[in-house]
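Read-outs throughout are calculated quantities, based only on the coordinates presented, and are distinct from any laboratory measurement. A quick note: this is a predicted structure, and the numbers were derived from the prediction, not measured. Neighbour counts run over all protein chains shown; Cβ positions are idealised from the backbone, glycine included.
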Amino acid sequence: MDLKPRIEALIAAEGPITVEHYMALCLHDPQHGYYATRPALGAQGDFITAPLVSQMFGELIGLWAAQVWLAAGSPSPFRLVEIGPGDGTLMTDALRALRRAVPAFLDAADLWLVEASPPLRARQAAALQGAHPRWADRLEDVPDGSPLIVIANEFLDCLPARQFTRDARGAWAERRVGLDARGTLAFGLGPAPAGFTPPAAFIDTPPGVVVEVSPRQVGFAAMLAGRIVSDGGAALLIDYGAADPAPGDTLQAIRAHQKVDPLTTPGEADLTVHADFPAVMAAVRAAGAQAAIRTQGEFLQRLGIEARASALATARPDRAQTLDAQLQRLTGDAQMGALFKAGAIWRTGDPPPPGFP
Ligand code: SAH
């Protein structure tokens, strides 16, 4: 049975499910989940990410990691960890830049990829053959005891959120996926868990406006920060989402570069929510680490993306226009530059990573 009839049968038997549960089934059901079966990155696929826009993205992030490592006194060994590496493009570009600029970094690096998707693991293995990566299902499974430098682009948005809204009487309710009169998937409201209170910024949200809370994003951030506090190192999380708390339903399904209804083709479209950077940063600080956030545009400019684009254009004048379009796409306010944010995490007492002082 396909995923849709299976979810309908589950709801018919057990009642409506939370948006968090629905999203987890759509993405990770082992038989029919999107990431388990058909993750389609790239122009021919469902969505494009920054490393696929331009080689400059992965190159600059590789050099960011090298500067973090040098500032920490070049520890050897250390773990270089990418979470959700997709088709391996970011790491391929990073390693190419590092091999030329800071080969000692690669000698000291123990490369780990945290990846849930079997088809993407296979693509990563093909792309990164010479680099001898190892894979883990979760960051918790990457061995501790050495400093770590963690990179994750568009990973937080895969970690599901719960959605809450106030009903006409002002009481908090949880948005759920249930069945309509025809037995098809439909959104509805159910009671919020007893004692539910929204984050302080959302206390006065008017009825009908959706507020998202992601225990999975917050739990991941707390665990990552805890690792950095105990083992040393830094992390870079890049994703789309607001820098300050903002209400709103950000659940989005994308298929073949088009927004589609999140309920019509479960498991066949990529399903995401915005990264909740305010909650992620608060969890990092509560765990005793430092956190800062910049727009992607400002972060890449501080790392020198304009100089890198000019250098590439000087070497290949025939590609100058393409490179300028890539630069605009990654940094322009109307494109990815402002919606996407770069969040950094580092150990208290260490200098802030490049781009964040
Ligand atoms: N970073 C890549 C891919 C982004 S897509 C890029 O920028 O192009 C999201 C990635 O996160 C995919 O590799 C997906 O399989 C992985 N992923 C999603 N949920 C995950 C989870 N719970 N655990 C580990 N990896 C996950």
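Judged by the ratio a/c of the largest to the smallest principal axis of the C-alpha gyration tensor, the stretch 182-313 counts as oblate, that ratio being 1.5 or greater while a/b is no larger than b/c.
In whole Å, what is the distance between the alpha-carbon centres of the stretch 8-79 and the stretch 183-211? The two parts, judged by their Cα centres, are 27 Å apart. When each of the peptides 135-141, 51-57, 121-127 is scored by the mean number of other C-beta atoms lying within 10 Å of its residues, the order from highest to lowest reads 51-57, 121-127, 135-141. Mind jotting down the distance between the C-alpha centroids of the stretch 159-179 and the stretch 81-133, whole Å? Value for the Cα centre distance between the two parts: 40 Å.
Packing here is the average count of other Cβ atoms within 10 Å per residue, and on that basis the peptides 31-44, 176-189, highest first, run 31-44, 176-189. Look at the alpha carbon pairs under 8 Å that are at least 6 residues apart: their mean separation over the length of the chain gives a relative contact order of 20 percent. Shape class of the stretch 316-355 from the Cα gyration tensor (axes a ≥ b ≥ c, square roots of the eigenvalues): oblate, since a/c reaches 1.5 or more and a/b does not exceed b/c.
Using Cα pairs closer than 8 Å and at least 6 residues apart in sequence, work out the relative contact order for the stretch 43-153, in percent.
It comes to 33 percent, rounded to a whole number.
Taking the square roots of five times each eigenvalue of the Cα gyration tensor of the chain, the equivalent ellipsoid has semi-axes of 35, 23, 20 Å, listed largest first. Here the simple spin-label model places points 7 Å from the Cα toward Cβ, and for ALA186 and ARG302 these points are separated by 4.9 nm. Counting only DSSP beta bridges with both residues in the chain, tell me the antiparallel percent, nearest 5. Of those bridges, close to 65 percent are antiparallel.
Just add up the charged neighbours of ASP110: K/R +1, D/E -1, any other residue whose Cβ is under 15 Å from the Cβ of ASP110. Summing Lys and Arg as +1 and Asp and Glu as -1 gives -2.
A protection proxy built from the mean count of other Cβ atoms within 10 Å ranks the segments 151-157, 199-205, 69-75, most packed first, as 151-157, 69-75, 199-205.
Using Cα pairs under 8 angstrom and six or more residues apart, how large is the relative contact order of the stretch 174-245, in percent?
Numbers: 30 pairs, mean separation 12.2, N = 72.
After rounding, I find 17 percent.
Seen through its C-alpha gyration tensor, with square-root eigenvalues sorted a ≥ b ≥ c, the stretch 25-66 comes out oblate because a/c lies at 1.5 or above while a/b is not bigger than b/c.
Computing FRET efficiency as 1/(1 + (r/R0)^6) for ASP2 and ALA243, where r is the C-beta to C-beta distance and R0 is 41 Å, gives about 0.60.
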